[in-house]
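To start, the structure under review is shown below, and the notes come after it.
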Amino acid sequence: MVAIPLIYGELEAKHYEDDIAANPLIDELRSKMVVEVDERYTREYLEVDKRSIANAVQIFYKDGTKSNKVEVDYPIGHKRRRDEGIPLLIDKFHNAIATRISPKKCEAIKAIFADFTKAYNTPFVEISELFAL
């Protein structure tokens, strides 16, 4: 989860596929990494009022220089960042259905789920038929 973004500039579901995992650069980078436990991260993960999922990354180069330490206490998707995460989740859903379902059905699905009341009141069989290939 660290090597992939350093190589490809992002981490997506496709990066978990066998062909990507076979890239020898991944193991080369992993062999150079040092993972350290930050006790604060562990403690705050267990605190009910925080439930932080903190992580940090810093790169140390051969010439002795280093990157800034990038630390995230609450990543996108955490309940404290719902307002930021929901639009990304919706985009992810739209992109996912577009890879499997016709554009006409995608638009119908998007229209149903764009309105909570409409989605709630639409019979399940009607929704499930839109997902049929």
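State whether the range 3-79 is rounded, prolate or oblate according to the following rule on the C-alpha gyration tensor (a ≥ b ≥ c being the square roots of its eigenvalues): a/c under 1.5 gives rounded; otherwise a/b larger than b/c gives prolate, and the remaining case gives oblate. Taking the square roots of the gyration eigenvalues as a ≥ b ≥ c, the range 3-79 is oblate. Non-local lysine pairs in the chain, meaning eight or more places apart or on different chains, with alpha-carbon distances under 14 Å, amount to 5. Averaging over all projection directions, find the projected area of the Cα convex hull of the range 81-131 and quote it in nm² with one decimal place. Mean projected area of the Cα convex hull: 3.7 nm². First check a/c for the range 49-101, with a ≥ b ≥ c the square roots of the eigenvalues of its C-alpha gyration tensor; if it is under 1.5, answer rounded, and if not, answer prolate when a/b is larger than b/c or oblate otherwise. Because a/c hits 1.5 or more and a/b fails to exceed b/c, the range 49-101 counts as oblate. The orientation-averaged projection of the convex hull spanning the C-alpha atoms of the chain amounts to 12.0 square nanometres.
Values in this text are rule-based calculations from the coordinates and carry no lab data. It should be emphasised that the depicted structure is a prediction, and the values quoted were computed from it without experimental measurement.
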